[in-house]
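Here's the structure, in structure tokens; my notes come after.
None of the figures in this text is laboratory data; all of them are computed from the coordinates on show. Fair warning: this is a prediction, and the values are worked out from it, not measured in the lab. Cβ placement follows ideal geometry from the backbone for every residue including glycine, while neighbour counts extend to all protein chains displayed.
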Amino acid sequence: MPEHHDVVVIGGGPGGYAAALYGAAAGLDIALVEEDRVGGTCLHRGCIPAKELLQTAEVLRTVSNAKEFGVDAGTPGLDLGVSQQRKQAVVDRLAKGVEGLLKGRKVTVLSGRGELADAGSLTVRVSGGDGETQLEGDAVILATGSAPRTIPGFDFNPPYVLSSDHVLALDEVPPRAAIIGGGAIGCEFASFLADVGSEVTVLEALPQILTGVDTDCATAAVRAFGKRGIAVHTDIRIEGYDRNGSEVIVRYTGADGEATASVDTVVVSVGRAPRSAGIGLEGSPVAIDSRGFVEVDPYLRTTADGVFALGDLVATPQLAHVAFAEAIVAVKTILGEHAVPIDYSKVPVGIYCHPEVAFAGLTEQQARDAGYDVVTAKHSFAGNGRALIIGETDGLVKVVAEKDGPLL
Ligand code: NAI
């Protein structure tokens, strides 16, 4: 007989552990299945390690610019191995914290791979880890997250072609790096690698890096990148790459025709694919879209009764704070409480490249396209006291509003 719980959660990242903690706090008996350590991409292969390494970059920048403040810090150097150890210590401490919270709320955590056992049932098979077992829930929450994806011809092959997972584990700085995809991950890594001494080239298919960011803000970031020697090529098409000894020669077509970038390593950051395969969804009533995302309604209900999905597994912004919010909506729905669907148009986003980029709501262009009578205000950091004091004058604040109306 399968072991019964009120809710069985598959996946212990921010979506899964938030659902478990919130549900347990509301009195539900929760089982959480995780094949690795709890914490998910955010804690082990994403936000936290990336931001920790970006902090290393910031410390190095600060020390390198110390003379300007009259502080003699000598000639700064970087030992990436030490930095990696510090990163791991931060990750381990936070992972212990999540484990402690789950234990404190009496969530049953099972180590192993979880998958729906039978089409249409709410039984979850757990294999590996603690051995094979079956769990049954009144509801099942799928929160298996996402994994780096790549483009044809660029299979991950360290040290030549890297995913974000590989970059976060680097113990040496590549002298030259090409980054394919100038989204959030691409820009954070471009910034990090440039700060720690790489010569960086960003290759982006669209006309602008940081898609979804207001053009004025993205342009300010590009300008600041340029000052630090980061080359940004937009509107390009990647053709492939050749190897010449330890060198990687990336071929691409841009506005001026065919071009190449000769580097030591290529980082592919063209988005993340949902991990919907291998969790028992094939042949089940849980619908999946053409890109592999599990289809859900605004309450995170899939097309199968009692089965919910959330986080990077569904086609909403792939952000940890979105997964947290979705977990609350899903658990409230399971509890029969009044759940308020998330307004995804108002999700705040913070991208931790240097300069940092943060926004919420509509860009100026999106506001115009939506038919608003738009007014904007722009204030450069060059005129801001704090920015001058810390020596960070690249950038601006931009406000987009409806004329005589609210902020957009
Ligand atoms: P992304 O979707 O943000 O950016 C991918 C970029 O690659 C896009 O600009 C796209 O146009 C470009 N691209 C796609 N195919 C290409 C090709 N063949 N050649 C050249 N360029 C190509 O995905 P990213 O950066 O991999 O991040 C994955 C997810 O993780 C995103 O949803 C992102 O929001 C999230 N994330 C959020 C962070 C934050 O909030 N600070 C940090 C890192 C990731």
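In which sequence would LEU206, LEU80 go, from the one with the fewest C-beta neighbours within 10 Å to the one with the most?
LEU206, LEU80
What residues from segment 215-235 fall in the zone where the backbone N is under 20 Å from a label point 7 Å along the Cα-to-C-beta line of LEU206?
Taking a point 7 Å out along Cα→Cβ of LEU206, the residues of segment 215-235 whose backbone N falls under 20 Å are 215-226, 231-235.
Compute the distance in nm between two label points, each set 7 Å from the Cα along the Cα-to-Cβ direction, one at ASP118 and one at LEU80.
5.2
What are the semi-axes of the equivalent ellipsoid of segment 28-92, taken as the square roots of 5 times the eigenvalues of the Cα gyration tensor, listed largest first and rounded to whole Å?
37, 11, 8
Starting from the 7 Å offset along Cα-to-Cβ, what nm value, one decimal, do you get for the label separation of ASN65 and GLU295?
Calculated label separation equals 5.0 nm.
Starting from 0.36 nm per residue, how many nanometres of slack lie between THR253 and LEU94 once their C-alpha separation is accounted for?
52.9 nm
What residue among GLY46, TYR352, PHE381 has its Cα farthest toward the positive end of the dipole of the chain, where the charges are +1 on Lys, Arg and -1 on Asp, Glu, each on the Cβ?
The residue sitting most towards the positive pole is PHE381.
How tilted is helix 184-195 with respect to the longest principal axis of the chain? Cα atoms for both, answer in degrees (0 to 90, nearest 10).
For 184-195 against the chain, the angle is about 40 degrees.
Could you check the spin-label model distance between GLU282 and ARG105? Points 7 Å from the Cα along Cα→Cβ, value in nm.
According to this spin-label approximation, the distance is 3.4 nm.
If you rank ILE238, ILE151 by fewest surrounding Cβ atoms within 10 Å, what's the result?
In order of increasing Cβ crowding within 10 Å: ILE151, ILE238.
How large are Rg and Dmax for the chain when calculated on the C-alpha trace, in angstrom?
23.0, 72
Could you give the angle, 0 to 90 degrees to the nearest 10, between helix 80-104's Cα long axis and the longest principal axis of the Cα atoms of the chain?
Value to nearest ten degrees: 30.
GluC sites (Glu not before Pro) within segment 274-367: which are DSSP loop residues with at most 16 other Cβ atoms inside 10 Å?
Hits after loop and neighbour filter: GLU282, GLU295, GLU337, GLU356.
How do CYS353, CYS47 rank when sorted from fewest to most other Cβ atoms within 10 Å of their own Cβ?
Ascending Cβ contact count within 10 Å gives the list CYS47, CYS353.
Beyond 31 Å between alpha-carbons counts as too far, so tell me which of LYS96/LYS398; LYS346/LYS403; LYS332/LYS398; LYS51/LYS103; LYS51/LYS378 fall in that bin.
Going by Cα-Cα distance, LYS96/LYS398; LYS332/LYS398 fall outside the 31 Å limit.
Which shape class applies to segment 237-309: rounded if a/c is under 1.5, otherwise prolate when a/b exceeds b/c and oblate if not, where a ≥ b ≥ c are the square roots of the Cα gyration tensor eigenvalues?
Prolate.
If each residue of separation counts as 0.36 nm, what is the full-extension length gain between LYS378 and ASP343 once their alpha-carbon separation is subtracted?
Working: separation 35, 0.36 × 35 = 12.60 nm, distance 2.60 nm.
Between LYS378 and ASP343, full extension yields an extra 10.0 nm.
Quick one: helix 215-227 against the long Cα principal axis of the chain, what's the angle to the nearest 10°, folded into 0 to 90?
Between the helix axis and the principal axis of the chain, the angle is about 60 degrees.
For all pairs of alpha-carbon atoms in segment 152-276, what percent lies in each bin of width 10 Å, listed from the first bin to the last filled one?
Taking all Cα pairs of segment 152-276, the binned fractions are 13, 48, 33, 6, 0 percent.
How big is the charge dipole of the chain about its Cα centre, in debye rounded to the nearest 20, if each Lys and Arg gets +1 on its Cβ and each Asp and Glu gets -1 on its Cβ?
On the way: 33 positive and 53 negative charges, 170 e Å.
With Lys and Arg at +1 and Asp and Glu at -1, about 820 debye.
Quick one: Debye curve from the C-alpha atoms of segment 254-378, no solvent, what's log10 I(q)/I(0) at q = 0.12 Å⁻¹?
-0.69
Once fully extended, how much extra length lies between GLN134 and MET1, figured as 0.36 nm per residue of separation less the alpha-carbon to alpha-carbon distance?
This chain segment gains 47.1 nm when fully extended.
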